[in-house]
Amino acid sequence: MKNLKVYEPDDKMISLIKDDYNLLQALSCFGINLGFGDKTVRQTCEMNHVDTYTFLAVVNFTINDHHHFEDDEQLDVNTLLHYLKASHVYYLDFQLPFIRRELEESLNLSDSVGKLIMKFYDEYAHEIRRHMKYEEKTLFPYVEGLLERKPMNDYNVETFSKHHEATDKTLRELKLMIIKYLPTDEHHNHKLTATLYDIYNNEEWLRHHAEVEDHIFTPAIRRLEERSKQSDVSKNISSMVFKGGQDNGDVLSDRERDVIVSLVQGMSNKEIADHLFISVNTVITHRRNISRKLQIHSPAGLTIYAIVNGLVDISSVKL
């Protein structure tokens, strides 16, 4: 039966392990050492320098699919990043070779079906390694850049999310092939049964790993991206206030300022042209130059610029 208990910081860590021994793998990936005695989850996490809220978010999600957190903003992305990196090391360096050794010992490699199953597994191992290495070379450095406020301009989490697929499908196919099509003698049957048990566990582990990335890690990155965008907007406004509209050495001309004031007052290109006694094409050219110099393309942005730089009085602006 599914365990529906939602664990809290003051629960004893040993209680979590008693309820679900699979948490032992999670402890290792979070960097939590054994030997915690009767300490609570909070005490154990603090002793191992792990964010308690983030640890419990992952634990409650993977055990109970419970992801209605009180405050997603409390999730610590550094903790999630460490957990996912360590999970990759665990799976690539330990689990993949371990399952392969078990298959070697339990399969009759002189049999054509046994050889094909081993080849199938090696192709799977290559694919899972490629999948995880992509995340390590692309996604993880991107997140680190966001944390350091140095985002990569040519990448975002949606790029990852669109191409992120569950990686447990091949294991599911592998175990079905073994169960359905591989005849065994009594000697190999016990070993193969034990191997299948481990493959089932790995299939479950991979499913949880992918779901943590999709439902916890990816939304956390989206929030980081949003904060990064808001920070950029604040920097642009600050730059406009303190540089008086100067950007990359380009200062607005008097005519361009006149165009901004007219735009803020709600005039169309034709109305601006008539008001300033210039052609509509000239108005369009001025607007293009204004956008290039200020990196502002919306009427709201130009309104903010005009107010903070004293081009218009805020009382005359229709908000």
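When the residues of region 70-125 are narrowed to those that are of a type in the set (S, T, N, Q) and closer than 28 Å to residue 60 by Cβ, which ends up farthest from the chain's Cα centre (by Cα)?
As a first pass, look at region 70-125 and keep what is of a type in the set (S, T, N, Q): 74, 78-79, 87, 95, 106, 108, 110, 112.
In the following step, the residues that additionally are closer than 28 Å to residue 60 by Cβ were identified as 74, 78-79, 87, 95.
Working: 74: 15, 78: 11, 79: 12, 87: 15, 95: 24 Å.
Within region 70-125, the match that is farthest from the chain's Cα centre (by Cα) is 95.
Can you confirm whether residue 79 is modelled with pLDDT of 95 or more, within 28 Å of residue 220 (Cα to Cα), hydroxyl-bearing (Ser, Thr, Tyr) and buried (at least 18 other Cβ atoms within 10 Å of the Cβ)? Steps first, please.
Details: modelled with pLDDT of 95 or more: yes; within 28 Å of residue 220 (Cα to Cα): yes; hydroxyl-bearing (Ser, Thr, Tyr): yes; buried (at least 18 other Cβ atoms within 10 Å of the Cβ): yes.
Considered against the rule, which asks whether it is modelled with pLDDT of 95 or more, within 28 Å of residue 220 (Cα to Cα), hydroxyl-bearing (Ser, Thr, Tyr) and buried (at least 18 other Cβ atoms within 10 Å of the Cβ), residue 79 comes out as yes.
Would you mind telling me which numbered condition in (1) within 17 Å of residue 307 (Cα to Cα); (2) in contact with a helix residue (DSSP H, G or I) (Cβ under 6 Å, 6 or more places away or on another chain); (3) not in a loop (DSSP other than H, G, I, E, B) residue 283 fails?
Only one criterion in (1) within 17 Å of residue 307 (Cα to Cα); (2) in contact with a helix residue (DSSP H, G or I) (Cβ under 6 Å, 6 or more places away or on another chain); (3) not in a loop (DSSP other than H, G, I, E, B) is unmet by residue 283, namely (1).
So that you can scan it fast, the table gives a plain yes or no per residue for (1) free of Cβ contacts under 8 Å to residues at least 40 places away in the same chain; (2) over 22 Å from residue 229 (Cβ atoms); (3) in contact with a strand residue (DSSP E or B) (Cβ under 6 Å, 6 or more places away or on another chain); (4) basic (Lys, Arg):
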| residue | (1), (2), (3), (4) |
| --- | --- |
| 266 | no, yes, no, no |
| 271 | yes, yes, no, no |
| 276 | yes, yes, no, no |
| 284 | yes, yes, no, no |
| 287 | yes, yes, no, yes |
| 307 | yes, no, no, no |
| 313 | yes, yes, no, no |
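Listed here are the residues, each with its yes/no results for (1) of a type in the set (Val, Ile, Thr); (2) modelled with pLDDT of 85 or more.
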residue	(1), (2)
223	no, yes
233	yes, no
243	no, no
250	no, no
257	no, yes
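I need the helices (runs of 4 or more DSSP H) fully contained in region 1-111, keeping only those with at least 3 residues that are touching an Asp or Glu at 6+ places or on another chain (Cβ under 8 Å) and among the hydrophobic types (A, V, I, L, M, F, W, C). If you could, list the steps in order and put the result at the bottom.
On the way: elements: 13-19, 23-30, 41-47, 52-64, 77-90, 96-106.
Helices (runs of 4 or more DSSP H) meeting the threshold: 52-64.
Restricting attention to region 87-121, report how many residues are out of contact with any helix residue (DSSP H, G or I) (no Cβ under 8 Å at 6 or more places or on another chain) and either in contact (Cβ under 8 Å) with a residue 40 or more places away in the chain or among the aliphatic types (A, V, I, L, M) (or both).
At the first step, the residues of region 87-121 found to be out of contact with any helix residue (DSSP H, G or I) (no Cβ under 8 Å at 6 or more places or on another chain) are 89, 93-94, 97, 101, 110-112, 114-116, 119.
Subsequent filtering for residues that are either in contact (Cβ under 8 Å) with a residue 40 or more places away in the chain or among the aliphatic types (A, V, I, L, M) (or both) retains 89, 114, 116.
So the answer is 3.
Would region 152-172 turn up any residue that is modelled with pLDDT of 75 or more and farther than 21 Å from residue 207 by Cβ?
Yes: one or more hits.
If residue 183 satisfies all but one of (1) open to solvent by less than 60 Å² (accessible area, probe 1.4 Å); (2) modelled with pLDDT under 80, what's the number of the condition it fails?
So the condition that residue 183 fails would be (1).
The values are calculated or read from the model by the stated rules, or taken from the named source; none is laboratory data. Since the model is a prediction, treat every value here as computed from it, not as a measurement. Positions of Cβ are generated from backbone atoms using ideal geometry, with glycine treated the same way; all protein chains shown enter the neighbour counts. Ligands, DNA and RNA are excluded from the accessible area calculation, which covers all protein heavy atoms including side chains. Shrake-Rupley method; radii C 1.70, N 1.55, O 1.52, S 1.80 Å.
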